[in-house]
Structures are given as C-alpha cells and as structure tokens.
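Trainee: Right, I'll just put the structure down here and ask away after.
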Amino acid sequence: MRITIERSNLLKSLNHVHRVVERRNTIPILSNVLLRGEGQSLEMKATDLDLEITESTPAQVEQAGGTTVPAHLLYDIVRKLPDGAEVLLATTTDGSAMTVASGRSKFSLQCLPVSDFPDLNAGTFSHSFKVKGADLKMLIDRTQFAISTEETRYYLNGIFMHTVEAGGDLKLRAVATDGHRLARADVVAPSGSEGMPGIIIPRKTVGELQKLVDGVEGDVAVEISDAKIRVTTGPIVMTSKLIDGTFPDYQRVIPSGNDKEMRVDCATFQAAVDRVSTISSERGRAVKLAIGDGQLTLTVNNPDSGSATDEVPVGYDNDPLEIGFNAKYLLDITQQLSGGEAVFLLADPGSPTVVRDVAGDDALYVLMPMRV
C-alpha cells in the first residue's frame with residue numbers, strides 16, 4: 001500500500017474513528033485502525049467489538065492495499081504534523097511495518113495483518129429511514145444525561161428509542177432513566193420507522209452518535225434490526241450492537257394527576273439552585289424548595305459547613321408546599337429546557353414531579369423527590 005493524503009483530511013477522519021478504540025486492550029488488534037487504500041480514497045475502520053466506525057476520505061492511491069496500525073499512535077503523530085502538510089503512508093514489502101512520512105519527519109509503525117481485524121457483520125436490517133440530523137441530535141441531547149451508570153441494571157445503560165402514537169400522530173421517542181429522574185423527548189416519526197422494534201442504544205454509542213450528528217444539516221440514514229443499529233452520514237458509517245434487554249414500562253412512572261403548577265424563569269431558577277448548592281455536601285446534595293404566595297425559597301443545610309437560602313419569584317396559586325430535590329439533578333434538567341420558562345407540575349412532598357418547557361411538550365422530565 002502506498003498513499004499520499006492531506007494531513008487535514010487524514011486528521012479529520014482519524015479523529016472520528018480513533019475514539020472508538022479503547023486505550024487498554026487485551027486483544028492487540030483492537031488497538032489498531034484498519035487502513036485500506038482503493039480507487040481515489042482511503043477507508044479507515046475502528047472497532048471495540050460492540051461499536052464500529054468506518055470513514056472514507058479522498059487520497060492519492062499509488063498502490064492499493066491495506067494494513068492495520070495502532071490507532072492512538074497514528075492519531076498523535078498526524079496531530080503533531082504541521083498544517084497543510086502532505087502525508088505519505090507506505091507499507092513495507094512484507095507488510096510488517098508502515099512508514100508515515102511528511103516533510104522531514106518520518107515514522108515507522110508496527111502493523112498487524114488485515115485478516116486479523118474483526119468485522120462487525122451487520123446482517124440484515126428490518127427497518128430503515130432517514131431522519132434530520134438536528135432531530136436526532138435533539139432526541140439525544142434532551143435525554144442522554146439521564147442514562148444510568150449502574151451496571152447491574154444494564155438495560156438502563158442507554159437510550160430507549162421507539163415509535164409511539166401521541167396526540168394522533170406517530171412520534172419517534174427517546175427515553176432515558178436512572179431510577180431517580182426520567183427524560184423523554186419526541187420528534188415526528190420519519191417515514192419508514194413505523195413498526196420498528198423498540199431498541200436500547202448503549203451509552204458509548206450514544207456519545208459517539210451525539211458527536212457524529214453535531215452540525216449535520218441534512219438527513220441521516222438509520223437502519224435498525226433487533227440486535228444492531230447503523231447510522232450513515234456523508235462518508236461516515238457507524239454500526240453498533242444494541243443492549244439486549246427489556247426497557248421498563250416508563251409510562252407508569254410519569255404522573256398524570258399533578259395539579260399544582262409552578263412557573264419560574266429558567267435562568268433565574270438555575271442560577272439560584274447553583275448558588276445554594278455550593279454549600280451542599282457531595283454525599284447529600286439536597287435542596288429544599290418552599291413554594292407559596294408567588295415566592296420560591298431555596299434552602300440548603302449542611303451540618304458540616306453551614307446553610308444557604310435564596311429566593312426566586314414564581315407563578316404559583318396553590319396551597320404552600322415544601323419539597324426536596326437533588327440539586328445536580330435539578331440543574332441537569334433545567335439545562336435541557338430551551339424556553340425561557342420552566343413549568344413544574346407538583347403533587348406532594350413524596351411524589352414525583354414533572355418538569356416541562358413552557359414552549360411545548362416535545363420533551364418532558366420526571367424527578368423523584370428527596371427527604372430534606
């Protein structure tokens with residue numbers, strides 16, 4: 001293999017694919033990126049056996065061929081080369097090493113054979129559709145913070161994506177929960193998604209998908225089977241295994257009878273929660289909300305360091321109520337709201353609270369209270 005490629009093209013593609021590669025690997029080939037030069041392009045592929053990213057980039061291919069080299073090492077080398085440089089990638093005749101040359105810089109990297117590189121064979125996909133990149137990004141942005149990190153309940157370690165009938169329309173819905181809070185977001189279901197299986201996209205895949213669709217203006221192609229998802233945008237193809245488990249019936253935990261409505265300016269509320277939580281302990285980040293008569297008083301008591309209170313004007317015309325929440329969870333949710341005003345639907349100090357954007361119901365959050 002002998003290829004000449006612009007540094008910027010090589011770096012951009014490597015930046016996408018090398019992130020999949022785990023720093024520590026017991027299987028040496030999984031530390032490598034597969035490079036294959038054919039026609040007018042260089043194809044790169046990286047995998048961790050659960051997630052695979054492939055990207056093609058324009059290159060001058062003098063001699064077609066392929067090899068695999070350490071992904072993070074190649075990325076670091078290319079990153080440190082000067083802007084605008086041309087990079088030569090050439091394998092030795094026996095294929096045991098690859099030269100990376102640019103200007104006066106020259107590196108030799110150990111290679112492993114292409115035949116050892118695993119292929120995340122996708123099989124057949126039962127459903128395929130195109131969705132706006134911005135819609136997919138919204139679904140992920142609004143829900144990914146609520147993904148559980150508790151490995152025992154592995155079926156919560158991702159975003160549950162499915163289609164659902166809501167308000168007479170078919171919606172593509174994303175849901176994530178860790179048992180303390182729940183996030184739900186909807187977009188109009190794209191044509192072709194009808195009847196798709198409900199899938200749980202793993203946390204790592206969600207993170208890569210979020211970066212992949214960032215700034216994508218057009219449509220993204222999505223293919224789904226019971227076990228895998230494939231997302232294609234431009235020259236990048238990402239294939240991932242799905243979490244094999246059953247997501248709980250999340251509808252049961254979304255309260256429908258919360259009749260006490262509190263409206264508050266989102267930015268003012270966020271700043272006040274942030275201020276008072278400065279004094280809370282890492283262990284119990286509880287903040288008490290006392291609501292009544294157009295006023296919200298936030299209180300934090302920490303026996304080790306002191307106490308804090310703050311007041312925020314609110315729209316509320318119900319019986320006074322005191323309720324406690326985890327300050328971090330409150331901040332996580334209010335950061336997702338795009339409107340200027342947040343709507344809290346409350347019941348009593350022991351029941352879950354619903355938080356919505358005043359702008360609409362495309363996203364909804366449920367937060368479990370804390371004892372304070």
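Trainee: Give me the percent of the accessible area of region 253-293 that comes from carbon and sulfur atoms, probe 1.4 Å, all protein chains in place. Write out the running numbers ahead of the final one.
Mentor: Working: 920 of 2130 Å².
The value for region 253-293 is 43 percent carbon and sulfur by accessible area.
Trainee: Right, next: Per residue, how large is the accessible surface of the chain? Use a 1.4 angstrom probe and give square angstrom.
Mentor: That works out to 47 Å² per residue.
Trainee: Let me ask you something else. Output ³J(HN,Hα) for region 248-258: one whole-Hz value per residue in order, computed from phi by the Karplus curve 6.51 cos²θ - 1.76 cosθ + 1.60 with θ = phi - 60°, and x for Gly and Pro.
Mentor: x, 6, 5, 4, 5, 8, 8, x, 10, x, 6
Trainee: Which translational diffusion coefficient, to the nearest whole µm²/s, is obtained for region 231-308 from the Stokes-Einstein equation, given a Kirkwood hydrodynamic radius over C-alpha pairs, 25 °C and 0.890 mPa s?
Mentor: On the way: Rh = 17.2 Å.
In µm²/s, the coefficient rounds to 143.
Trainee: Roughly what percent of Cα-Cα pairs across region 119-259 reach past 22 Å?
Mentor: In whole percent, the share of Cα-Cα pairs in region 119-259 beyond 22 Å is 35.
Trainee: Between V358 and T26, what FRET efficiency comes out of the Förster formula 1/(1 + (r/R0)^6) with R0 = 41 Å and r the beta carbon distance, rounded to 0.05? It would help to have the intermediate numbers written out before the result.
Mentor: On the way: r = 51 Å, r/R0 = 1.25.
Efficiency at R0 = 41 Å is approximately 0.20.
Trainee: For region 265-372, which semi-axes, largest first and in whole Å, follow from the square roots of 5 times the eigenvalues of its Cα gyration tensor? Please report the intermediate quantities before stating the final value.
Mentor: Values: eigenvalues 90, 45, 37 Å².
Semi-axes, largest first: 21, 15, 14 Å.
Trainee: Stokes-Einstein at 4 °C, 1.567 mPa s, Kirkwood radius from Cα pairs: D for region 329-372 in µm² s⁻¹?
Mentor: Details: Rh = 10.9 Å.
Calculated translational D: 118 µm²/s.
Trainee: Just need log10 I(q)/I(0) for region 193-234 at q = 0.15, 0.31 Å⁻¹, Debye formula, equal scatterers on the alpha-carbon atoms, no solvent, rounded to two decimals.
Mentor: With no solvent term, the Cα-only Debye profile gives -0.40, -1.20.
Trainee: Another question about this same structure. Over the Cα atoms of region 80-190, Rg to Rh with Kirkwood Rh, two decimal places?
Mentor: Working: Rg = 23.0 Å, Rh = 18.9 Å.
A ratio of 1.22.
Trainee: Could you list the GluC sites (Glu not before Pro) in region 159-236 that lie in coil according to DSSP, counting only those with at most 10 other Cβ atoms within 10 Å of their Cβ? If you can, show how the numbers build up before the last one.
Mentor: On the way: sites: E165, E194, E208, E217, E223; in loops: E194, E217.
In loop regions of region 159-236 (DSSP not H, G, I, E or B), the sparsely surrounded GluC sites (Glu not before Pro) are E217.
Trainee: Now for a different question. Rounded to the nearest angstrom and ordered from largest down, what semi-axes does the equivalent ellipsoid of region 150-203 get from its C-alpha gyration tensor (root of 5λ)? Working shown, then result.
Mentor: Details: eigenvalues 108, 31, 10 Å².
Each semi-axis is the square root of five times an eigenvalue, giving 23, 12, 7 Å.
Trainee: Heavy atoms of the protein only, probe of 1.4 Å, neighbouring chains included. What is the accessible area of V131 in Å², nearest 10?
Mentor: In the full protein context, V131 sits at about 10 Å².
Trainee: Here's something else I'd like to know. Per residue, how much space in cubic angstrom lies within the convex hull of the C-alpha atoms of the chain?
Mentor: Details: hull volume 64.4 nm³, N = 372.
Measuring per residue, one finds 173 Å³ for the Cα hull of the chain.
Trainee: Next question, about the same structure. Compute the Kirkwood hydrodynamic radius of region 1-80, taking the inverse of the mean of 1/r over all pairs of distinct Cα atoms, and give it in Å to one decimal. Before the final figure, lay out the partial values.
Mentor: Values: mean 1/r = 0.0797 Å⁻¹.
Radius from the Kirkwood sum: 12.5 Å.
Trainee: Taking +1 at the Cβ of each Lys and Arg and -1 at the Cβ of each Asp and Glu, which of V222, T54, L346 sits farthest along the dipole of the chain towards its positive end, judged by Cα position relative to the Cα centre?
Mentor: Among V222, T54, L346, the one farthest towards the positive end of the dipole of the chain is T54.
Trainee: How big is the charge dipole of the chain about its Cα centre, in debye rounded to the nearest 20, if each Lys and Arg gets +1 on its Cβ and each Asp and Glu gets -1 on its Cβ?
Mentor: Details: 37 positive and 50 negative charges, 232 e Å.
Rounded to the nearest 20 debye, it is 1120 debye.
Trainee: I've got another one for you. Which residue, G198, G167, G66, tops the fluctuation ranking in a GNM of the chain built on C-alpha contacts under 10 Å?
Mentor: Top of the fluctuation ranking is G167.
Trainee: Another question, then. Per 5 Å bin, what percent of the C-alpha pairs of region 207-260 does each bin hold, from zero upward?
Mentor: Bins of 5 Å from zero give 4, 14, 19, 14, 12, 12, 11, 9, 4, 1, 0 percent of pairs.
Trainee: Here is a follow-up. Over the heavy atoms of R203, what accessible area does a 1.4 Å probe trace out, to the nearest 10 Å²?
Mentor: Result for R203: roughly 90 Å² accessible.
Trainee: If you look at just the Cα atoms of region 70-133, how large are its Rg and its Dmax in Å?
Mentor: Rg and Dmax of region 70-133, Cα atoms, are 17.6, 51 Å.
Trainee: If you average the alpha carbon positions of region 4-70 and of region 200-249, how far apart do those two centres end up, in angstrom?
Mentor: 20 Å
Trainee: Now for a separate question. Express the carbon and sulfur contribution to the solvent-accessible surface of region 42-112 as a percent, rounded to the nearest whole number, probe 1.4 angstrom.
Mentor: Details: 1660 of 3420 Å².
That fraction is 48 percent.
Trainee: Given a Förster radius of 51 Å and the C-beta distance between A64 and I279 as r, what FRET efficiency does 1/(1 + (r/R0)^6) yield to the nearest 0.05? Mind showing how you got there, number by number?
Mentor: Values: r = 64 Å, r/R0 = 1.26.
So the FRET efficiency works out to roughly 0.20.
Trainee: Along Cα→Cβ, 7 Å out, is where each label goes; now give me the distance between the ones at N15 and T124 in nm to one decimal.
Mentor: 4.0 nm
Trainee: Please pull out the direction-averaged projected area of region 205-338, using the convex hull of its alpha-carbon atoms, in nm² to one decimal place. Before the final figure, lay out the partial values.
Mentor: Details: hull surface 48.1 nm².
Taking a quarter of the hull surface, the average projection is 12.0 nm².
Trainee: Over all alpha-carbon pairs in region 1-144, figure out the percentage whose distance exceeds 26 Å.
Mentor: Details: 2936 of 10296 pairs.
Above the 26 Å cut-off, region 1-144 has 29 percent of its Cα pairs.
The values are calculated or read from the model by the stated rules, or taken from the named source; none is laboratory data. Please read all numbers here as calculations on a predicted model, not as lab measurements. A quick note on method: Cβ atoms are made from the backbone with ideal geometry, for glycine too, and the neighbour counts reach across all protein chains shown. What goes into the accessible areas is simple: the full protein's heavy atoms, side chains included, and nothing from ligands, DNA or RNA. Shrake-Rupley method; radii C 1.70, N 1.55, O 1.52, S 1.80 Å.
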